[in-house]
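The values are calculated or read from the model by the stated rules, or taken from the named source; none is laboratory data. Keep in mind the model is a prediction, meaning the values are calculated, not measured. A quick note on method: Cβ atoms are made from the backbone with ideal geometry, for glycine too, and the neighbour counts reach across all protein chains shown.
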Amino acid sequence: MRTADQTPPPVTGHRPPRPPGWGADLWVAIERLPVTAYHWSDYTSVWDAPGSKYRWDDWTAANAFTDATCDVSGLDIELGAPDDEGRVDAGHLVFTLANDDGRWSQYDPFGRLVAYEPGSRVYVWATIAGVAWWLFAGVVAAWREGTDATVEVEAFDASSDLNVSVGEWLPGTVGQRAHDRIAAILSLIGYPGPRRLDVGTVTLLAYTTTATPLEEMQAVATSDGGYVAVDADGTFLYRSRSWTAGRTDQTRIVVFSDTVCNVDAVVWDLELVTDDQLLLTDVQLTNLDKVVAQRQVTATRRYPFARAGDQWITAAEGSGLVDYLLARRTDSYLRVDGFTLHLTAPSQDLWRIGIDLRVGDLVRLLHDQPAVGGVDRIDLNLVVQAVTHRITPDAWTVEVATTRATGNNVIYRWGGPGMLWDRDPARWGN
């Protein structure tokens, strides 16, 4: 478990044996809501003293978490996938439960679900050598019972609950930074979950809005150059512009490659992409007070970008954000559109790497490319943008995509191109 993570809850129920060849144990814990038992005539009347434990109509079983792993026959978790404005999709979980005995679809006489239903919390994690690594934390949104004695459960992380309209409201006060503004919003709506918030860079305007709490926090994040998201353990995060350096809680920087063998993970279906989706050459930002910050860089082809409604206060803050966007998005750096880690494949032990990988982690890519006179190696830093777990009884895969390169690791060698110290053919290079 990472140092700042929440502790998984205690669970009841039977544990399945670890499948042969697996290097981790999967845990799927579903919250059982309070259940009213001993019904006689209605849901409110009691016939004996309130102090009696066993009485008609009114005895309830406390809520707890049940280990559902034994009945899981397939599970998909999708995390991440921010767009070019840093808005991260809600974490999404879908899994199927065997329901031969009907335990996962009990209904009362009115047709209401009993014990497990929309609103139940659902947590997924994996343990390696007794250590827990979070995969998902969220709330059930749909409980679908099929005719084949199965139940499909769909859940989303806290982003879904935060994206509900609260009418017209005032998010905060003038001069707050992102940390204080987002904390104020979470407190205003009574958000009960844990949070970890970076301080942020700009100071913010204050105004009334009809945006949802999530939309408002996303607007604050884009005005500051960061992003908001819900972590795998259910913690609400604000990451400032320092997100390009990776996460402070990641346990290691994984090195992967499709052409180099002596790395942490060798992948076979790596897709390197260089495209113009995020390229910018001239940027114009306008805040809510109509203050404009803009700058243009010289380029053979224009990629203009304009945005209104930012919340930074001063022109200097707006100009700093413009410079940050141009520094990140002027050059056509490559990104990894996707690769897959096959955790159950016997050729590599990828269990810890795949299970510990989080959105926001810094990773390294080594890639050897053909060149005149031999091979050139690129060694790049990228940030994990999306992680998808697909788990069946027979296999566990982790699909990964990254942002565009955020930096490189230069290797200096004698006689190579670049980084010249003189004009001779024999020279130091990179």
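Which members of region 309-352 meet the condition of being among the β-branched types (V, I, T) and not in a helix (DSSP H, G or I)?
I313, T314, T330, V336, T340, T344
What about A306, is it in a loop (DSSP other than H, G, I, E, B), more than 26 Å from the chain's Cα centre (by Cα) and not β-branched (V, I, T)? Judged against the criteria, A306 is not a match.
Okay, residues lined up against (1) within 30 Å of A98 (Cα to Cα); (2) modelled with pLDDT of 90 or more:
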residue: A345; (1), (2): yes, yes
residue: G354; (1), (2): yes, yes
residue: R364; (1), (2): no, yes
residue: Q369; (1), (2): no, no
residue: H389; (1), (2): yes, yes
residue: V398; (1), (2): yes, yes
residue: G407; (1), (2): no, yes
residue: W414; (1), (2): no, no
residue: R427; (1), (2): no, no
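Within region 210-227, if we keep just the residues that are surrounded by fewer than 19 Cβ atoms within 10 Å (Cβ to Cβ) and in contact (Cβ under 8 Å) with a residue 24 or more places away in the chain, the residue that is farthest from the chain's Cα centre (by Cα) turns out to be T210. The residue of region 49-66 that is modelled with the highest pLDDT, among those that are surrounded by fewer than 18 Cβ atoms within 10 Å (Cβ to Cβ) and assigned to a strand (DSSP E or B), is A64.
For region 384-401, taking the residues that are in contact with a strand residue (DSSP E or B) (Cβ under 9 Å, 6 or more places away or on another chain) and not in a strand (DSSP E or B), the one that is surrounded by the fewest Cβ atoms within 10 Å (Cβ to Cβ) is identified as P393. Scanning region 382-397 for residues that are of a type in the set (G, A, S) and within 26 Å of S332 (Cβ to Cβ) returns a single hit, A386.
For region 137-184: of the residues being hydroxyl-bearing (S, T, Y) and outside any strand (DSSP E or B), which is farthest from W104 (Cα to Cα)? Among those that are hydroxyl-bearing (S, T, Y) and outside any strand (DSSP E or B), it is T173. If you go through region 227-278 and keep only what is modelled with pLDDT of 95 or more, among the aromatic types (F, W, Y) and assigned to a loop (DSSP other than H, G, I, E, B), you end up with nothing.
Of all the criteria given as (1) within 22 Å of L343 (Cβ to Cβ); (2) out of contact with any Gly (no Cβ under 6 Å at 6 or more places or on another chain), the one not satisfied by E271 is (2).
Restricting attention to region 127-159, and to residues there that are of a type in the set (S, T, Y) and surrounded by 14 or more Cβ atoms within 10 Å (Cβ to Cβ), which single residue is farthest from W27 (Cα to Cα)?
Out of the qualifying residues, it is S159.
Given the structure, is L288 over 30 Å from P393 (Cβ atoms) and at pLDDT below 95? So L288 does not fit the description; no.
Yes or no, residue by residue, for (1) touching a residue at least 40 places away in the same chain (Cβ under 8 Å); (2) on the phi > 0 side of the Ramachandran plot:
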{"position": "L75", "(1), (2)": "yes, no"}
{"position": "A81", "(1), (2)": "yes, yes"}
{"position": "H92", "(1), (2)": "yes, no"}
{"position": "R103", "(1), (2)": "no, no"}
{"position": "Q106", "(1), (2)": "no, no"}
{"position": "P118", "(1), (2)": "no, no"}
{"position": "V124", "(1), (2)": "yes, no"}
{"position": "L135", "(1), (2)": "yes, no"}
{"position": "S160", "(1), (2)": "yes, no"}
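The set of residues in region 357-383 that are of a type in the set (D, E) and surrounded by 21 or more Cβ atoms within 10 Å (Cβ to Cβ) contains only D361.
Just one of the listed residues (V230, V199) is β-branched (V, I, T) and surrounded by fewer than 22 Cβ atoms within 10 Å (Cβ to Cβ), and it is V199. The residue list T300, T281 contains one member that is more than 27 Å from the chain's Cα centre (by Cα), over 18 Å from V202 (Cβ atoms) and surrounded by 17 or more Cβ atoms within 10 Å (Cβ to Cβ), which is T281.
Considering region 185-196 alone, what residues qualify as being assigned to a helix (DSSP H, G or I) and surrounded by fewer than 16 Cβ atoms within 10 Å (Cβ to Cβ)? Of everything in region 185-196, those that are assigned to a helix (DSSP H, G or I) and surrounded by fewer than 16 Cβ atoms within 10 Å (Cβ to Cβ) turn out to be S187, L188.
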